[in-house]
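The structure appears below as structure tokens.
The values are calculated or read from the model by the stated rules, or taken from the named source; none is laboratory data. Since we're looking at a predicted model, the values are computed, not measured. Cβ atoms come from the backbone with ideal geometry, glycine included; neighbour counts cover every protein chain shown. Note: accessible area is taken over every heavy atom of the protein model, side chains too, but ligands, DNA and RNA are not part of it. Shrake-Rupley method; radii C 1.70, N 1.55, O 1.52, S 1.80 Å.
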Amino acid sequence: MRLSRYFLPVLKENPAEAQIVSHRYMLRAGMIKQQAAGIYSWLPLGYRALRRIEEIVHQEQIRAGHIPLLMPTLQPADLWRESGRYDDYGQEMLRIRDRQDREMLYGPTNEEMITDIFRSHVTSYKDLPLTLYHIQWKFRDEMRPRFGVMRGREFLMKDGYNFDVDKEAALHAYNRHMVSYLRTYERMGLTAIPMRAASGPIGGDNTHEFLVLAQTGESEVFYDDRVTALKLGNRDIDYDDREQVAKVCAEFTTLYARTDETHDEAAFAQVPEAHRKVGRGIEVGQIFYFSTKYSEPMGAYVTNAAGERVPVHMGSHGIGVSRLLGAIIEASHDDRGIIWPEGVTPFPVGIVNLKQGDTVADAACAGLEKALLARGLEPLYDDRDERAGAKFATMDLIGLPWRITVGPRGLEKGVVELTSRRTGESEEMSPEAAVDRIAQIFADHA
Ligand code: ATP
Ligand code: MG
């Protein structure tokens, strides 16, 4: 993509309405535009990053054996009357009437609808286990939408629902989600810690929230800081192996890590003092096993191996896809702008031409662009007739992790400069070597 033809409306000034750094940088980098409180347009750069995040979420869900589908944003109220939530949900639900005066709502979540799909088509345990998910816009009429996409009213969520014949199978589905989420966040360059969440009216302790540590997070968190060093890495996970998956979950949930909702002072006091930390976190996901809460009232039953009709055991599992952009920026930035982790960057690399209009420099940049595209890597080429300083400032603000700087002086020696946004370190090398290096780096993140 050539910047001269792109749509990247960067702002020079800090927008007054933005209270936290991710919101500020998303506005300044021309990624989003607010259309109403908590409702945003995704401008081209923001949309590219959002798509990258969605892609990773899809890949890891499919790897875990979960099946994508797509449910609508608008739902009939009657479905929610069956579960009793139409009246319970309160003011956060956006209620709408169509021209026939039928009551509708903009979905804040999809338990009822997925249960309806399930009961219409599945009658036997032989069709289980089954986990269906989608990535779809949600609407919650939040009391205080704020911090940009972090707490929107319209926001993009991945929500998945498992259907299992008994509690053990459903707990395996729960564990599978935990592991797939850990991998998802790691690929985005994030450390998201599973923390025991409030059990709510259902009881049991089968719910975890995933929190990214950040000063600007809305939740207070209490943890043993050794939990932040745990990594899933590239280990081979067999998602059908109940024991292996449960062991990974145990590894990540044994050290103390809780939000203020479930915090237990006595248990926390057992953590060695040097490791006992209190901080703040951003909730980027939550998993939940809720047994037969929806299947019983809504009639989602199957026959089990003994020939009995039993309500299915369910759970629901959500990732805040649009919130993740904010969380990633909160976790990865400096005073000049965003620093995208390789896994989610909207463009892998920027090309800065120091002397636009110089035949040699222009040709070298076009050559780099072509060579990168041939490797499946689309660069953002700043081909505008601007001063070098302005070009660098834009690249730093939008935060592409790598920059190739091309100028007549270097080209006389046959070199360009490859710079890491994160460390600021630069290295001179031939254009071919720079392309190879970038291709290698991104192959490691595929
Ligand atoms: P919160 O406590 O932050 O209001 P929640 O617990 O109500 O969130 P869930 O129902 O668990 O949200 O939804 C799954 C995920 O969707 C959350 O973990 C969060 O990442 C994301 N999410 C929830 N509400 C919003 C929102 N208003 N804006 C952006 N993302 C959200
Ligand atoms: Mg939650």
Considering residues of the range 293-304 that are surrounded by fewer than 17 Cβ atoms within 10 Å (Cβ to Cβ) and within 29 Å of CYS249 (Cα to Cα) only, the residue farthest from ligand 2 (Cβ to nearest atom): ASN304
Selected residue (only one of ILE282, ILE237 is within 16 Å of ligand 2 (Cβ to nearest atom), in the same structural domain as THR115 (by TED's automatic domain parsing), in contact (Cβ under 8 Å) with a residue 40 or more places away in the chain and of a type in the set (Val, Ile, Thr)): ILE282
Given (1) assigned to a loop (DSSP other than H, G, I, E, B); (2) in contact with a Leu (Cβ under 8 Å, 6 or more places away or on another chain); (3) among the β-branched types (Val, Ile, Thr); (4) open to solvent by 20 Å² or more (accessible area, probe 1.4 Å), number of the condition VAL360 does not satisfy: (1)
Whichever residue in the range 263-289 is away from ligand 1 (no atom under 16 Å from the Cβ) and of a type in the set (A, V, I, L, M) and, among such residues, is least open to solvent (accessible area, probe 1.4 Å): VAL271
One residue from ALA388, ALA331 being at pLDDT 95 or above, on the phi < 0 side of the Ramachandran plot, surrounded by fewer than 21 Cβ atoms within 10 Å (Cβ to Cβ) and within 16 Å of ligand 1 (Cβ to nearest atom): ALA331
Pair list, Cβ under 6 Å, 6 or more apart: the range 410-424 residue under 18 Å from ILE438 (Cα atoms), other residue among the basic types (Lys, Arg): THR419/ARG403
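Please state which one of PHE155, PHE118 is assigned to a helix (DSSP H, G or I), within 27 Å of the chain's Cα centre (by Cα) and buried (at least 20 other Cβ atoms within 10 Å of the Cβ).
Matching residue, one of PHE155, PHE118: PHE118.
Could you check, for the range 186-198, whether at least one of its residues is at negative phi, in contact with a His (Cβ under 8 Å, 6 or more places away or on another chain), open to solvent by 10 Å² or more (accessible area, probe 1.4 Å) and among the β-branched types (Val, Ile, Thr)? Walk me through how you get there before you give the answer.
First, the residues of the range 186-198 that are at negative phi: 186-188, 190-198.
With in contact with a His (Cβ under 8 Å, 6 or more places away or on another chain) added as a condition, the list becomes 187, 194-197.
Imposing the further condition that a residue be open to solvent by 10 Å² or more (accessible area, probe 1.4 Å) reduces the set to 187, 196.
From what is left, the residues that are among the β-branched types (Val, Ile, Thr) are none.
No; the residues of the range 186-198 include none that is at negative phi, in contact with a His (Cβ under 8 Å, 6 or more places away or on another chain), open to solvent by 10 Å² or more (accessible area, probe 1.4 Å) and among the β-branched types (Val, Ile, Thr).
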